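No lab work stands behind these numbers, since they all come straight from the coordinates. Keep in mind that this is a model prediction, so the values were computed, not measured. Don't worry about glycine lacking a Cβ; one is built from the backbone with ideal geometry, like all the others, and counts go over all protein chains shown.
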Amino acid sequence: MYVIHRGGVPTYDGGIDDLVYLVTTVERLSELGMLLVFTDRNAALKVADFTEVLAQLDQFLDWSLMDDERWSNTPDDPDRKERRMAECLAYERVPWDAFTSVAAKTEECAQRAKEIIASLGKSTSVDVRPDWYF
């Protein structure tokens, strides 16, 4: 999303105001029997470690880093940014029932999302969360 915000995706001419977050939890994905894998940093990096063991997440992830709003590296923590990009990856697809809510940046986008969701016969809640965006 940051790359889109900075205009770095030439094939996308919209802005981030048109994007929504599909919100779920690891617990919900596990309840649905999803095959999951977790990374300790950006999964594209060769140094990324992977685990499938949900019970290991507390030892695997730096939760204090996840709670911090800053993303940038520091002299004392030069790989901070890549570790903040830790991922939960689901195999093949995530069913709509896994999503607990949808978040939008603006009321206008939230309204469009509500209309689309209703047209699909779903009742997933939509929240306006401008603080989740750049």
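What the table shows:
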quantity	calculated
For Asn73, distant residues with modelled amide H under 5 Å away	Lys81
Span from the region 25-101 Cα centroid across to the region 1-16 one, whole angstrom	23
Relative contact order for region 29-134, counting Cα pairs under 8 Å that sit 6 or more residues apart, in percent	26
Built amide H within the under 5 Å cut-off of Val128, gap 5+	Ala104
For region 88-94, Karplus couplings with θ = phi - 60° (6.51, -1.76, 1.60), whole Hz, Gly/Pro x	10, 10, 9, 6, 6, 7, 10
Prolate/oblate/rounded label for the chain (Cα gyration tensor, a/c 1.5)	oblate
Cα extents of region 35-93 along the three principal axes, largest first (Å)	36, 22, 18
Cα-centre dipole for the chain with unit charges at Cβ (Lys and Arg positive, Asp and Glu negative), debye to 20	340
Cβ-based charge dipole, the chain, positive-most Cα from Thr39, Gly15, Pro78	Gly15
